Amino acid sequence: MNNFIIIAICVAAVGTAYYLKNREKTGLLQEGKIIERNKSFWEDKQIFELDAPYEAVVAAAKNVNYAGNAVEVTYNFDGKKIIFFRSSHSWNAALQYLGTSEEKYLYSLSFTNWKGRNGVPNFMTMNIFLTQTEKMLLSLDPETMVETHMMEIKTKTRF
């Protein structure tokens, strides 16, 4: 009898946690704060082709409220045309100017590192960040072209 009660409590706790997480995701989707992404989107690099020079991208990024997602922004990181994002949720990202192609400007957006449980980072905050940044780039050029590429990932394990 005691084992049945313990199992029932565990099942109820897992069910409740799943329901609450799914409700949070549904709310963020409806509000437009996130979009549906592939299972391990943080391992992807996005290449943007748009009609906006680096200075315009920096100016637009300064108007995005990343503070609500606990993200600190550094411009011209390491003396290069890179906007670096450091999150208190144990991940970092970079938006790097790559140059021009046929009179359009090219940028690469990717997560540079992350920590998480069993290799899974705080993907909800990462999705919110990506959605904010993508919307910012689209606001500069509604005809922005985007390509997604899988990155080569190097992992570290603790032993």
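Values in this text are rule-based calculations from the coordinates and carry no lab data. Since this is a predicted model, take the numbers as computed values, not measurements. Note that each Cβ is placed from the backbone with ideal geometry, even for glycine, and that neighbours are counted across all protein chains shown.
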Please identify the trypsin sites (Lys or Arg not before Pro) of segment 92-159 that satisfy two criteria: DSSP loop assignment and at most 16 other Cβ atoms within 10 Å. Which are they?
LYS115, LYS154, LYS156, ARG158
Tell me which GluC sites (Glu not before Pro) from segment 34-138 have a DSSP coil assignment and no more than 16 other beta carbons within 10 Å of their own.
GLU36, GLU102, GLU103
Magnitude of the Cβ-charge dipole (Lys and Arg +1, Asp and Glu -1) of segment 37-150 about the Cα centre, nearest 20 debye, reported as 660 debye
With r as the distance between the Cβ atoms of ASP44 and PHE4 and R0 = 35 Å, compute the FRET efficiency 1/(1 + (r/R0)^6) and round to 0.05.
0.20
What is the sum of charges, Lys and Arg at +1 and Asp and Glu at -1, for the other residues whose Cβ falls under 13 Å from the Cβ of THR100?
-2
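Estimate the FRET efficiency between GLU134 and ASP78 by the formula 1/(1 + (r/R0)^6), using the beta-carbon distance for r and 22 Å for R0, to the nearest 0.05.
Efficiency for this residue pair is about 0.40.
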At what distance in nm do the modelled label points of GLU55 and ASP141 sit from each other, each positioned 7 Å from its Cα along Cα→Cβ?
1.7 nm
Any idea which of GLY119, ASN63, SER139 is furthest toward the positive side of the dipole for segment 37-150, if Lys and Arg beta-carbons carry +1 and Asp and Glu beta-carbons -1?
GLY119
